[in-house]
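Below: one structure, written as structure tokens.
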Amino acid sequence: MSWIDHRPDDAAGAFEAMAAATTGSVDAATFREAMSRLGAAVHVVTTDGPGGKGGFTATAVCALSDAPAMLLVCLNRRSRSTGPFHANGVFCVNTLRAGEETIANAFARRTADTAQERFTVGEWTTLSTGSPVLASAVVALDCRIVEVKSVATHNVFIAAIEAVRLGDAGPALVYHDRAYKRV
Ligand SMILES: Cc1cc2nc3c(=O)[nH]c(=O)nc-3n(C[C@H](O)[C@H](O)[C@H](O)COP(=O)(O)O)c2cc1C
């Protein structure tokens, strides 16, 4: 049975477009400045499988549902991760620990280019899906993609969480006002 068959009875009207995506009148610079005021946890989202290994730094990760446990991740379609994520159908959200800027910069293509170079930073293992799990992560959420929505420049990956690895308690890395901070 596919995820579509599980759509809840109270979801009537939930799959209709409400307005054309082009109706927004806020320019990109203003939007980026506005978003810089929002503090957000920094994650490295990884994948592995027939489509190859990939990973990128992300703040656009959001809890969706706790029963079933689900989350969403937004990925720019021009990212080199797009191909591997589609082909593998799985990913792991690794929430970075305070002080792990080196890993964040590698997976944001600031200090490492290829996937092979990126995974030389940090210690990696696996959980359920085979996606790379960062051993030092505050938490790792191993996910299977159930739906992909293409919105504006990004793909929204909606995923079911198959396994969770809770790391040692401690401060996490956050991005706020265009700088890394700790919470
Ligand atoms: C703090 C931070 C947060 C980011 N969040 C996202 C995000 O949520 N989604 C996204 O597509 N890119 C995000 N990026 C940009 C990607 O990490 C970057 O574009 C990507 O790794 C580019 O390399 P690639 O195309 O070779 O993978 C973020 C970058 C940084 C530094």
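Of all residues being in a helix (DSSP H, G or I) and of a type in the set (Ser, Thr, Tyr) in region 77-104, which is surrounded by the fewest Cβ atoms within 10 Å (Cβ to Cβ)? Just the residue, please. Show your work before the answer.
Residues of region 77-104 that are in a helix (DSSP H, G or I), as a first pass: 82-88, 101-104.
Then drop every residue that is not of a type in the set (Ser, Thr, Tyr), which leaves 82, 102.
Working: 82: 19, 102: 14.
Per the stated criteria, the residue is 102.
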Between a first residue in region 119-130 that is among the hydrophobic types (A, V, I, L, M, F, W, C) and a second residue that is surrounded by 17 or more Cβ atoms within 10 Å (Cβ to Cβ) and part of a loop (DSSP other than H, G, I, E, B), which pairs have beta carbons less than 7 Å apart while being 6 or more apart in sequence or on different chains?
119/53; 119/132; 121/112; 124/132
Residues located in region 44-71, provided they are more than 23 Å from residue 176 (Cα to Cα), in a strand (DSSP E or B) and touching a residue at least 40 places away in the same chain (Cβ under 8 Å)
47, 54, 69, 70
Identify all residues within region 123-167 that are assigned to a loop (DSSP other than H, G, I, E, B) and surrounded by 20 or more Cβ atoms within 10 Å (Cβ to Cβ); write none if there are none.
129, 131, 132, 137, 138
Go through (1) within 22 Å of residue 171 (Cβ to Cβ); (2) part of a strand (DSSP E or B); (3) within 12 Å of the ligand (Cβ to nearest atom) and name the single condition residue 74 misses.
(1)
Provide a single number: the residues in region 33-43 that are free of Cβ contacts under 8 Å to residues at least 60 places away in the same chain and either more than 14 Å from the ligand (Cβ to nearest atom) or of a type in the set (S, T, N, Q) (or both).
2
Out of region 105-114, which residues are in a helix (DSSP H, G or I) and either surrounded by fewer than 15 Cβ atoms within 10 Å (Cβ to Cβ) or of a type in the set (Phe, Trp, Tyr) (or both)?
107
Out of the residues in region 91-117 that are touching a residue at least 60 places away in the same chain (Cβ under 8 Å) and either within 16 Å of the chain's Cα centre (by Cα) or within 9 Å of the ligand (Cβ to nearest atom) (or both), state the one that is farthest from residue 147 (Cα to Cα).
97
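Where a number appears in this text, it was derived from the coordinates with a stated rule and is not lab data. Treat the numbers as computed from the prediction; the structure is a model and nothing was measured. Because the Cβ atoms are built from the backbone with ideal geometry, glycine has one as well, and the counts that use them run over all protein chains shown.
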